[in-house]
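A short worksheet on the structure shown next.
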Amino acid sequence: MSHKAVFGVDIGGTKLRVGLVDEHFEIVDALVTQDHCWLSPHEMLDFVVAQVTTLRHRYLHHRVLGCGVGYPGPINFFKGTTFSYSNLRGSGWEGVSLSNLLSTQINLPVWIDNDANLAGLAEVYFGAGQGFSHCVYLTISTGLGGAIFVDGKLYRGFLGYAGEFGHMVVDSHGAYCKCGNRGCLMSLLSGLGIEKLVQEDPACRFIFTPEENPTLCVQKLVELAARGDRVALEVIQPLIQYLQIAFLNVIEILNPEVIVVGGSLGKALLRHFVTPVEEYLLAHLPIEVVKHTVIREARLGDYNGVLGGALLAFQELEKGGEKDKKEKHK
Ligand SMILES: [Zn+2]
(Lines give C-alpha, C1' and ligand atoms only; values in the text may rest on other atoms or scores of the structure.)
Protein backbone atom coordinates (compact mmCIF):
# COMPACT_ATOMS: atom_id res chain seq x y z
CA MET A 1 0.00 0.00 0.00
CA SER A 2 1.39 3.43 -0.86
CA HIS A 3 1.76 6.00 1.91
CA LYS A 4 0.46 9.52 1.40
CA ALA A 5 3.12 12.16 1.94
CA VAL A 6 4.09 15.75 1.14
CA PHE A 7 7.33 17.69 1.06
CA GLY A 8 7.97 20.32 3.73
CA VAL A 9 10.69 22.75 2.68
CA ASP A 10 12.20 25.30 5.05
CA ILE A 11 14.42 27.85 3.29
CA GLY A 12 15.98 29.36 6.39
CA GLY A 13 18.28 32.37 6.61
CA THR A 14 21.08 29.94 7.58
CA LYS A 15 19.97 26.37 6.82
CA LEU A 16 17.78 24.82 4.17
CA ARG A 17 15.80 21.73 5.14
CA VAL A 18 13.76 19.52 2.84
CA GLY A 19 11.69 16.79 4.48
CA LEU A 20 9.35 14.09 3.28
CA VAL A 21 6.47 14.04 5.77
CA ASP A 22 3.76 11.38 5.89
CA GLU A 23 0.06 11.89 6.64
CA HIS A 24 0.66 11.22 10.36
CA PHE A 25 3.16 14.11 10.35
CA GLU A 26 6.12 11.82 10.86
CA ILE A 27 9.23 13.07 9.08
CA VAL A 28 10.17 10.08 6.95
CA ASP A 29 13.50 11.57 5.90
CA ALA A 30 15.07 15.01 5.57
CA LEU A 31 18.08 16.66 3.96
CA VAL A 32 19.81 19.66 5.54
CA THR A 33 22.21 21.97 3.72
CA GLN A 34 23.57 25.44 4.29
CA ASP A 35 25.11 26.48 0.98
CA HIS A 36 22.06 28.32 -0.31
CA CYS A 37 22.14 31.83 1.21
CA TRP A 38 23.90 33.58 -1.67
CA LEU A 39 22.00 31.83 -4.47
CA SER A 40 19.88 33.69 -7.01
CA PRO A 41 16.20 32.67 -7.23
CA HIS A 42 16.80 30.33 -10.19
CA GLU A 43 19.85 28.73 -8.56
CA MET A 44 17.81 28.31 -5.38
CA LEU A 45 15.00 26.62 -7.29
CA ASP A 46 17.47 24.18 -8.92
CA PHE A 47 18.91 23.52 -5.46
CA VAL A 48 15.52 22.74 -3.92
CA VAL A 49 14.46 20.64 -6.94
CA ALA A 50 17.64 18.54 -6.58
CA GLN A 51 16.89 17.83 -2.88
CA VAL A 52 13.22 17.03 -3.57
CA THR A 53 14.21 14.70 -6.42
CA THR A 54 16.75 12.86 -4.21
CA LEU A 55 14.08 12.18 -1.57
CA ARG A 56 11.50 11.22 -4.17
CA HIS A 57 13.84 8.60 -5.65
CA ARG A 58 14.58 7.22 -2.17
CA TYR A 59 10.90 6.71 -1.35
CA LEU A 60 9.22 5.59 -4.54
CA HIS A 61 6.49 3.74 -2.59
CA HIS A 62 5.25 7.04 -1.08
CA ARG A 63 2.47 8.83 -2.94
CA VAL A 64 3.63 12.45 -2.76
CA LEU A 65 0.71 14.86 -3.11
CA GLY A 66 2.16 18.35 -2.72
CA CYS A 67 4.78 20.62 -1.27
CA GLY A 68 4.67 23.40 1.36
CA VAL A 69 7.56 25.84 1.44
CA GLY A 70 8.68 28.36 4.07
CA TYR A 71 10.39 31.41 2.56
CA PRO A 72 12.58 33.72 4.69
CA GLY A 73 10.91 37.01 3.86
CA PRO A 74 7.55 38.57 3.14
CA ILE A 75 5.59 36.78 0.44
CA ASN A 76 2.18 37.13 -1.12
CA PHE A 77 0.80 33.76 -0.06
CA PHE A 78 -2.25 34.06 -2.29
CA LYS A 79 -0.13 34.49 -5.45
CA GLY A 80 2.98 32.62 -4.29
CA THR A 81 5.07 35.65 -5.26
CA THR A 82 7.83 37.34 -3.27
CA PHE A 83 7.67 41.01 -2.26
CA SER A 84 10.66 43.32 -2.53
CA TYR A 85 13.32 41.86 -0.23
CA SER A 86 14.22 38.72 1.66
CA ASN A 87 16.50 37.62 4.48
CA LEU A 88 18.59 35.71 1.98
CA ARG A 89 21.89 37.28 0.99
CA GLY A 90 21.60 36.75 -2.78
CA SER A 91 19.92 39.34 -5.03
CA GLY A 92 17.03 39.34 -7.49
CA TRP A 93 14.33 38.18 -5.08
CA GLU A 94 11.82 40.89 -5.98
CA GLY A 95 8.51 39.71 -7.46
CA VAL A 96 9.52 36.08 -8.09
CA SER A 97 6.63 33.66 -8.74
CA LEU A 98 8.18 31.00 -6.56
CA SER A 99 5.23 28.64 -6.22
CA ASN A 100 4.54 28.49 -9.98
CA LEU A 101 8.19 28.02 -10.89
CA LEU A 102 8.75 25.27 -8.32
CA SER A 103 5.44 23.57 -9.08
CA THR A 104 6.35 23.31 -12.78
CA GLN A 105 9.74 21.81 -12.00
CA ILE A 106 8.67 19.19 -9.44
CA ASN A 107 5.27 18.55 -10.99
CA LEU A 108 3.38 18.93 -7.71
CA PRO A 109 1.05 21.59 -6.29
CA VAL A 110 3.18 24.01 -4.25
CA TRP A 111 2.17 26.50 -1.55
CA ILE A 112 4.65 29.05 -0.23
CA ASP A 113 4.32 31.08 2.93
CA ASN A 114 6.58 33.11 5.17
CA ASP A 115 8.88 30.78 7.16
CA ALA A 116 7.82 32.19 10.55
CA ASN A 117 4.15 31.67 9.63
CA LEU A 118 4.86 27.99 9.01
CA ALA A 119 7.02 27.47 12.10
CA GLY A 120 4.23 29.14 14.10
CA LEU A 121 1.62 26.91 12.44
CA ALA A 122 3.56 23.83 13.58
CA GLU A 123 3.82 25.23 17.14
CA VAL A 124 0.07 25.88 17.25
CA TYR A 125 -0.76 22.35 16.05
CA PHE A 126 1.94 20.28 17.75
CA GLY A 127 3.91 22.49 20.14
CA ALA A 128 3.69 25.24 22.74
CA GLY A 129 0.71 26.98 21.09
CA GLN A 130 -1.56 23.90 21.27
CA GLY A 131 -4.91 24.58 22.91
CA PHE A 132 -4.77 28.38 22.53
CA SER A 133 -7.06 30.25 20.13
CA HIS A 134 -5.20 33.55 20.06
CA CYS A 135 -1.50 33.04 19.66
CA VAL A 136 1.46 35.11 18.55
CA TYR A 137 4.60 33.28 17.55
CA LEU A 138 7.88 35.20 17.61
CA THR A 139 11.09 33.71 16.34
CA ILE A 140 14.52 35.26 16.84
CA SER A 141 17.54 33.65 15.23
CA THR A 142 19.47 34.97 12.20
CA GLY A 143 16.50 37.30 11.63
CA LEU A 144 13.29 38.01 13.51
CA GLY A 145 9.84 36.98 12.37
CA GLY A 146 6.43 36.12 13.65
CA ALA A 147 2.97 34.77 13.01
CA ILE A 148 -0.49 35.71 14.22
CA PHE A 149 -3.26 33.21 14.99
CA VAL A 150 -6.77 34.52 15.52
CA ASP A 151 -9.50 32.07 16.55
CA GLY A 152 -7.02 29.27 15.89
CA LYS A 153 -6.40 30.36 12.31
CA LEU A 154 -3.29 31.87 10.78
CA TYR A 155 -3.97 35.54 10.03
CA ARG A 156 -2.18 36.62 6.85
CA GLY A 157 -3.76 40.02 6.20
CA PHE A 158 -5.01 41.35 2.86
CA LEU A 159 -1.93 40.44 0.78
CA GLY A 160 -0.28 37.89 3.04
CA TYR A 161 2.01 40.55 4.53
CA ALA A 162 0.72 40.40 8.13
CA GLY A 163 2.93 39.38 11.05
CA GLU A 164 6.12 41.12 9.96
CA PHE A 165 7.14 41.82 13.55
CA GLY A 166 10.78 42.08 12.47
CA HIS A 167 9.99 45.32 10.61
CA MET A 168 8.21 46.99 13.52
CA VAL A 169 10.16 50.26 13.96
CA VAL A 170 11.40 50.55 17.54
CA ASP A 171 14.09 53.23 17.06
CA SER A 172 13.61 55.70 14.19
CA HIS A 173 17.32 56.65 14.44
CA GLY A 174 18.48 53.04 14.67
CA ALA A 175 20.51 50.95 12.25
CA TYR A 176 19.31 50.50 8.66
CA CYS A 177 17.33 47.35 7.97
CA LYS A 178 17.30 45.26 4.79
CA CYS A 179 13.83 46.66 4.01
CA GLY A 180 15.31 50.18 3.76
CA ASN A 181 13.81 51.55 6.97
CA ARG A 182 15.75 52.50 10.09
CA GLY A 183 15.49 50.88 13.50
CA CYS A 184 13.36 47.86 12.58
CA LEU A 185 13.28 45.38 15.45
CA MET A 186 15.08 42.82 13.27
CA SER A 187 18.02 45.12 12.55
CA LEU A 188 18.62 45.40 16.31
CA LEU A 189 17.36 42.21 17.90
CA SER A 190 18.51 39.27 15.78
CA GLY A 191 21.64 37.23 15.17
CA LEU A 192 22.63 39.58 12.35
CA GLY A 193 21.90 42.68 14.47
CA ILE A 194 23.96 41.36 17.38
CA GLU A 195 26.84 40.32 15.08
CA LYS A 196 27.00 43.95 13.99
CA LEU A 197 26.84 45.15 17.59
CA VAL A 198 29.65 42.78 18.57
CA GLN A 199 31.80 44.16 15.75
CA GLU A 200 31.03 47.81 16.48
CA ASP A 201 30.64 48.13 20.26
CA PRO A 202 34.08 48.96 21.77
CA ALA A 203 33.08 47.19 25.02
CA CYS A 204 32.95 43.90 23.09
CA ARG A 205 36.74 44.04 22.70
CA PHE A 206 36.88 43.07 26.36
CA ILE A 207 34.81 39.95 25.73
CA PHE A 208 35.69 38.71 22.25
CA THR A 209 38.90 38.35 20.29
CA PRO A 210 38.77 39.64 16.68
CA GLU A 211 39.22 36.04 15.45
CA GLU A 212 36.05 34.77 17.13
CA ASN A 213 33.19 33.70 14.87
CA PRO A 214 30.49 36.41 15.08
CA THR A 215 27.68 33.84 15.14
CA LEU A 216 29.23 32.11 18.16
CA CYS A 217 29.77 35.53 19.78
CA VAL A 218 26.00 36.03 19.88
CA GLN A 219 25.53 32.87 21.99
CA LYS A 220 28.53 33.68 24.15
CA LEU A 221 27.25 37.20 24.80
CA VAL A 222 23.87 35.89 26.03
CA GLU A 223 25.52 33.22 28.20
CA LEU A 224 28.02 35.66 29.74
CA ALA A 225 25.25 38.15 30.50
CA ALA A 226 23.12 35.39 32.04
CA ARG A 227 26.06 34.54 34.33
CA GLY A 228 26.22 38.20 35.42
CA ASP A 229 29.29 39.35 33.46
CA ARG A 230 29.25 43.13 33.89
CA VAL A 231 30.43 44.08 30.36
CA ALA A 232 28.18 41.53 28.64
CA LEU A 233 25.20 42.77 30.67
CA GLU A 234 25.93 46.35 29.62
CA VAL A 235 26.18 45.35 25.94
CA ILE A 236 23.00 43.27 26.06
CA GLN A 237 20.91 45.83 27.98
CA PRO A 238 19.53 47.62 24.87
CA LEU A 239 18.52 44.22 23.44
CA ILE A 240 16.50 43.42 26.54
CA GLN A 241 14.79 46.79 26.13
CA TYR A 242 13.91 46.01 22.50
CA LEU A 243 12.53 42.66 23.62
CA GLN A 244 10.39 44.42 26.24
CA ILE A 245 9.09 46.93 23.65
CA ALA A 246 8.34 44.11 21.20
CA PHE A 247 6.25 42.22 23.76
CA LEU A 248 4.45 45.38 24.83
CA ASN A 249 3.52 46.30 21.24
CA VAL A 250 2.40 42.78 20.40
CA ILE A 251 0.11 42.65 23.46
CA GLU A 252 -1.20 46.20 22.93
CA ILE A 253 -2.24 45.45 19.35
CA LEU A 254 -3.25 41.80 19.41
CA ASN A 255 -4.02 40.81 23.01
CA PRO A 256 -2.95 37.19 22.50
CA GLU A 257 -3.55 34.42 25.03
CA VAL A 258 -0.06 33.12 24.48
CA ILE A 259 3.19 34.38 23.00
CA VAL A 260 5.40 31.52 21.90
CA VAL A 261 9.06 32.42 21.46
CA GLY A 262 11.18 30.34 19.10
CA GLY A 263 14.55 30.53 17.39
CA SER A 264 17.85 29.78 19.14
CA LEU A 265 18.43 33.39 20.20
CA GLY A 266 14.80 33.98 21.17
CA LYS A 267 14.75 30.89 23.40
CA ALA A 268 18.06 31.81 25.06
CA LEU A 269 16.89 35.39 25.73
CA LEU A 270 13.58 34.21 27.14
CA ARG A 271 15.24 31.57 29.34
CA HIS A 272 17.55 34.10 30.96
CA PHE A 273 15.70 37.41 30.76
CA VAL A 274 11.97 36.68 31.07
CA THR A 275 11.84 38.40 34.49
CA PRO A 276 12.81 41.91 33.25
CA VAL A 277 10.34 41.45 30.37
CA GLU A 278 7.51 40.52 32.76
CA GLU A 279 8.36 43.38 35.12
CA TYR A 280 8.28 45.84 32.22
CA LEU A 281 4.92 44.52 31.03
CA LEU A 282 3.47 44.81 34.55
CA ALA A 283 4.62 48.42 34.69
CA HIS A 284 3.11 49.34 31.30
CA LEU A 285 -0.06 47.29 30.86
CA PRO A 286 -3.20 46.62 32.89
CA ILE A 287 -2.41 43.89 35.42
CA GLU A 288 -5.41 41.81 34.25
CA VAL A 289 -3.95 41.67 30.74
CA VAL A 290 -0.43 40.70 31.88
CA LYS A 291 -1.79 38.07 34.28
CA HIS A 292 -3.68 36.37 31.46
CA THR A 293 -0.94 36.46 28.85
CA VAL A 294 1.12 33.29 28.81
CA ILE A 295 4.72 33.57 27.60
CA ARG A 296 6.24 30.27 26.51
CA GLU A 297 9.30 28.87 24.84
CA ALA A 298 8.65 27.07 21.55
CA ARG A 299 8.63 23.29 22.00
CA LEU A 300 9.43 21.98 18.55
CA GLY A 301 13.02 21.76 17.42
CA ASP A 302 14.82 22.64 14.22
CA TYR A 303 12.26 20.85 12.04
CA ASN A 304 9.29 23.08 12.95
CA GLY A 305 9.54 24.77 9.52
CA VAL A 306 9.47 21.43 7.69
CA LEU A 307 6.46 20.31 9.75
CA GLY A 308 4.76 23.67 9.14
CA GLY A 309 5.33 23.32 5.38
CA ALA A 310 3.83 19.83 5.50
CA LEU A 311 0.84 21.07 7.53
CA LEU A 312 0.20 23.84 5.01
CA ALA A 313 0.34 21.39 2.10
CA PHE A 314 -2.02 18.88 3.75
CA GLN A 315 -4.42 21.69 4.79
CA GLU A 316 -4.52 23.14 1.27
CA LEU A 317 -4.94 19.67 -0.28
CA GLU A 318 -7.84 19.07 2.09
CA LYS A 319 -9.44 22.39 1.09
CA GLY A 320 -9.02 21.44 -2.58
CA GLY A 321 -10.66 18.06 -1.85
CA GLU A 322 -13.57 19.77 -0.07
CA LYS A 323 -13.95 22.18 -3.01
CA ASP A 324 -14.01 19.27 -5.49
CA LYS A 325 -16.66 17.48 -3.39
CA LYS A 326 -18.86 20.61 -3.30
CA GLU A 327 -18.51 21.15 -7.03
CA LYS A 328 -19.47 17.51 -7.73
CA HIS A 329 -22.69 17.98 -5.72
CA LYS A 330 -23.70 21.22 -7.47
ZN1 LIG B 1 12.89 46.42 8.21
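Can you find, within the stretch 147-169, the residue that is nearest to residue 264 (Cα to Cα) among those that are away from the ligand (no atom under 11 Å from the Cβ) and β-branched (Val, Ile, Thr)? Can you show your working first?
Keep residues of the stretch 147-169 that are away from the ligand (no atom under 11 Å from the Cβ), which gives 147-163.
If we keep only those that are β-branched (Val, Ile, Thr) as well, we get 148, 150.
Numbers: 148: 20, 150: 25 Å.
Ranking the candidates gives 148 first.
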Name the residues in the stretch 305-320 that are modelled with pLDDT under 95 and either in contact with a strand residue (DSSP E or B) (Cβ under 7 Å, 6 or more places away or on another chain) or among the small types (Gly, Ala, Ser) (or both), would you? 320
Inspect the stretch 102-122 for any residue being in contact with a strand residue (DSSP E or B) (Cβ under 7 Å, 6 or more places away or on another chain), of a type in the set (A, V, I, L, M, F, W, C), over 24 Å from residue 27 (Cα atoms) and crowded, with 17+ Cβ neighbours inside 10 Å and give the result as yes or no. no
I'm told residue 144 meets every condition in (1) within 16 Å of the ligand (Cβ to nearest atom); (2) closer than 18 Å to residue 305 by Cα; (3) touching a strand residue (DSSP E or B) at 6+ places or on another chain (Cβ under 6 Å) except one. Can you identify the failing condition by its number? (3)
Regarding the stretch 245-256, can at least one residue be identified that is in a helix (DSSP H, G or I), more than 30 Å from residue 153 (Cβ to Cβ) and not small (Gly, Ala, Ser)? no
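If we scan the stretch 94-103, do we find a residue that is more than 19 Å from the chain's Cα centre (by Cα) and farther than 27 Å from residue 158 by Cβ?
Pass one, the stretch 94-103, residues more than 19 Å from the chain's Cα centre (by Cα): 94-97, 100-103.
From what's left, farther than 27 Å from residue 158 by Cβ: none.
There is no residue in the stretch 94-103 that is more than 19 Å from the chain's Cα centre (by Cα) and farther than 27 Å from residue 158 by Cβ.
Pick from 172, 190, 103, 133: which is away from the ligand (no atom under 16 Å from the Cβ) and farther than 23 Å from residue 78 by Cβ? Spell out how you get there, then give the answer.
On the way: 172 fails: away from the ligand (no atom under 16 Å from the Cβ); 190 fails: away from the ligand (no atom under 16 Å from the Cβ); 103 fails: farther than 23 Å from residue 78 by Cβ.
After applying the criteria, what remains is 133.
Show me the strands (runs of 3 or more DSSP E) found entirely inside the stretch 124-235 where at least 1 residues are more than 19 Å from residue 297 (Cα to Cα) and among the β-branched types (Val, Ile, Thr).
On the way: elements: 135-140, 144-150, 153-155.
Once the strands (runs of 3 or more DSSP E) in the stretch 124-235 are filtered for at least 1 residues that are more than 19 Å from residue 297 (Cα to Cα) and among the β-branched types (Val, Ile, Thr), what remains is 144-150.
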Pairs only if they're at least six apart or on different chains, beta carbon under 7 angstrom, first in the stretch 184-213 and not assigned by TED's automatic domain parsing to the domain that holds residue 14, second among the acidic types (Asp, Glu) and within 16 Å of the ligand (Cβ to nearest atom); list them, first residue then second. 188/171
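The values are calculated or read from the model by the stated rules, or taken from the named source; none is laboratory data. Note that the structure is a prediction, hence the values are computed from the model and not measured. Neighbour counts run over all protein chains shown; Cβ positions are idealised from the backbone, glycine included.
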